[in-house]
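The values are calculated or read from the model by the stated rules, or taken from the named source; none is laboratory data. All values reported here derive from a predicted model rather than from experimental measurement. Quick reminder, even Gly has a Cβ in these numbers, built from the backbone with ideal geometry, and neighbours come from all protein chains shown.
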Amino acid sequence: MTCNEAEILLHALLDGELDAGHAHQVEAHVENCPRCAPQLRAYRELQQAMPVAQLHFTAPASLRQRIEKAFPAKPRRVPNRRSLLKGFVMGTALSTAMAASLVVAVFRTDQDQRVLGDVVSAHVRSLQANHLTDVQTSDQHTVKPWFNGKVDIAPPVVDLTAKGFTLLGGRLDYIDGQAVASIVYRRRTHVINLFVMQGASSESHESRLGTMQGFNIRRWTAQSLEFFAISDINAEELQEFVNKFDAVLHPANGT
Amino acid sequence: MLHRTQRQGLALAWKAGGETMAGNGSDANQDKARRFRDAALSHLDDVYTLARYLLRDTADAEDAVQECYMRALRYFDTFRGSAIKPWLFAILRNVCRGEFARRSAALHSIDHSIDGKTDDDEDAVQPLWQVPQVSPETEMLRQRDAETIRRLVADLPDPFREAIVLREINDLSYREIADVVGVPVGTVMSRLARARCMLRKAWIAEEGLPK
């Protein structure tokens, strides 16, 4: 690799846009190059010094209102007596249903919140303690057998590198009082932890989105396994991850 | 800047369109508007942020964002991607280049550099960056307040400012930036490289340190 190539590619390296092979090539060149090494340091420093969160602007409330007002979201018809009555009946039915679901929700929430809290803590811990992976390899056939005898499930491990999510490896973690498998992926500079554990029931549930402490979490159930995908990437990309994971796992369901 | 009367005209025209849709009793359109609202409105701050950096004017940015959301709703049927944010950005960029290029001198050079000119021409305009820079790499950056950095970013020439805002502030991947801007990924990468070089130099110059 020449300096001219490395000069450009080191930006892709900083942005997490290179696959492992190319990243290694650039790093190898930079390490031994008196010209490129200070550049990489300089641009890494620049990237870290950018106060990114404070460089965002917040749209003025007046603009938000102007846009919201222009949406034909609700028909603005003058209500007649009949529709008022209908609205009242609907309202009563709705509030009854709401109250019933609240009771269920309250019972469910305690348990759910604790599990979600565990998931977030495990994710944060994995990023903090330099303990992202116990088995570090991008080979799915190494990761999967590694979990044998360590957890009481066989977690599905799929390689999504070609689809933009690099498989980094696997790790053991502890959530809701049980040992669980964590499969670790990377999207650019963001880490995605996919926790897999024994599901409470054999029903399948579509994925749902939640956020906690600023992390996006997708949770779903399939084939008696419960999945939690958590990351700081945006909700859409996390959904994309879940879709692609699902598509590789169940090619029949895909498309 | 877009005149207030025209701005209201646009809003009214759109509202009228919306009422026609509702008047037809078309649940599909209502549903579309609601889906669009759910998907797009959460990105308002991001779209507004990009508009502020592209146009460098608060009032223009607000007008451009409103127009962007109007167009986005109109074309929402054609949206097929998985991520709506880059799609909104691409529309915003078109709004900025079309409607506002005539009004806003700030955008003059974005059209200039992108329509028909290549990166080599940009080099010719900015010969400084063609020469490998040695000095900035040896300096240490000092922490600056966000206001200063905003100004330094805003001072970058258009294509470079756009690249660095999309990457660093809006956290788009190279592929997404390439799609929004309509250039190859390689061009995105070289623009980013130069944008960072300029930004670092400006940052250090700001500190008044000897070069």
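At least 3 residues that are within 24 Å of the chain's Cα centre (by Cα), farther than 13 Å from B:ALA193 by Cβ and within 11 Å of chain B (Cβ to nearest Cβ) in each: list the helices (runs of 4 or more DSSP H) lying fully within region A:1-65 that qualify.
A:52-55
Out of B:ARG191, B:ARG142, I need the residue that is of a type outside the set (Val, Ile, Thr), at pLDDT 90 or above and farther than 15 Å from B:ARG56 by Cα. Which one?
Exactly one residue qualifies, and that residue is B:ARG191.
Determine whether B:ARG175 is facing another protein chain (nearest Cβ under 10 Å), in a helix (DSSP H, G or I) and closer than 15 Å to A:GLN47 by Cβ.
No.
Check whether at least one residue in region A:219-231 is more than 15 Å from A:PRO156 (Cα to Cα) and within 13 Å of another protein chain (Cβ to nearest Cβ), and report yes or no.
Looking for residues that are more than 15 Å from A:PRO156 (Cα to Cα) and within 13 Å of another protein chain (Cβ to nearest Cβ), one finds at least one in region A:219-231, hence yes.
Can you name the residue in region B:51-80 that is in contact with a helix residue (DSSP H, G or I) (Cβ under 6 Å, 6 or more places away or on another chain) and closer than 24 Å to A:GLN239 by Cα and, of all such residues, is surrounded by the most Cβ atoms within 10 Å (Cβ to Cβ)?
Checked region B:51-80; the qualifying residue surrounded by the most Cβ atoms within 10 Å (Cβ to Cβ) is B:TYR69.
Under 7 Å between Cβ atoms, at least 6 apart or on separate chains: pull out the pairs that start in region A:138-163 with a residue that is closer than 16 Å to A:PHE227 by Cα and end on any residue that is in a helix (DSSP H, G or I) and of a type outside the set (D, E, K, R).
What qualifies is A:PRO156/A:LEU249; A:VAL157/A:GLN140; A:VAL157/A:VAL143; A:VAL158/A:GLN140; A:VAL158/A:PHE245; A:VAL158/A:VAL248; A:VAL158/A:LEU249.
Applying the selection to region A:128-156, what residues are among the hydrophobic types (A, V, I, L, M, F, W, C), farther than 20 Å from A:THR221 by Cα and outside any strand (DSSP E or B)?
Result: A:ALA129, A:LEU132, A:VAL143, A:TRP146.
Among the residues of region B:22-49, what is the count of those that are at pLDDT below 50 and surrounded by fewer than 17 Cβ atoms within 10 Å (Cβ to Cβ)?
3
Here is a yes/no grid of residues against (1) modelled with pLDDT under 85; (2) surrounded by 13 or more Cβ atoms within 10 Å (Cβ to Cβ):
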site: A:LEU102; (1), (2): yes, no
site: A:ASP112; (1), (2): yes, yes
site: A:PRO155; (1), (2): no, yes
site: A:ASP159; (1), (2): no, yes
site: A:ARG171; (1), (2): no, yes
site: A:ASP176; (1), (2): yes, yes
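Could you check region B:178-211 and list, in sequence order, the residues that are at the interface with chain A (Cβ under 10 Å from one of its Cβ atoms), surrounded by fewer than 19 Cβ atoms within 10 Å (Cβ to Cβ) and of a type in the set (A, V, I, L, M, F, W, C)?
Answer for region B:178-211, where residues must be at the interface with chain A (Cβ under 10 Å from one of its Cβ atoms), surrounded by fewer than 19 Cβ atoms within 10 Å (Cβ to Cβ) and of a type in the set (A, V, I, L, M, F, W, C): just B:VAL185.
Find the residue count for region A:7-22, including only residues that are surrounded by fewer than 14 Cβ atoms within 10 Å (Cβ to Cβ) and acidic (Asp, Glu).
The total comes to 1.
Assess whether A:GLU226 counts as being surrounded by 21 or more Cβ atoms within 10 Å (Cβ to Cβ) and acidic (Asp, Glu).
yes
The rows are residues; the columns are (1) under 16 Å from B:VAL181 (Cα atoms); (2) facing another protein chain (nearest Cβ under 9 Å).
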{"residue": "B:GLU62", "(1), (2)": "no, yes"}
{"residue": "B:TYR69", "(1), (2)": "no, yes"}
{"residue": "B:ALA72", "(1), (2)": "no, no"}
{"residue": "B:PHE76", "(1), (2)": "no, no"}
{"residue": "B:SER82", "(1), (2)": "no, yes"}
{"residue": "B:LYS85", "(1), (2)": "yes, yes"}
{"residue": "B:LEU88", "(1), (2)": "yes, no"}
{"residue": "B:ILE91", "(1), (2)": "yes, no"}
{"residue": "B:VAL95", "(1), (2)": "yes, no"}
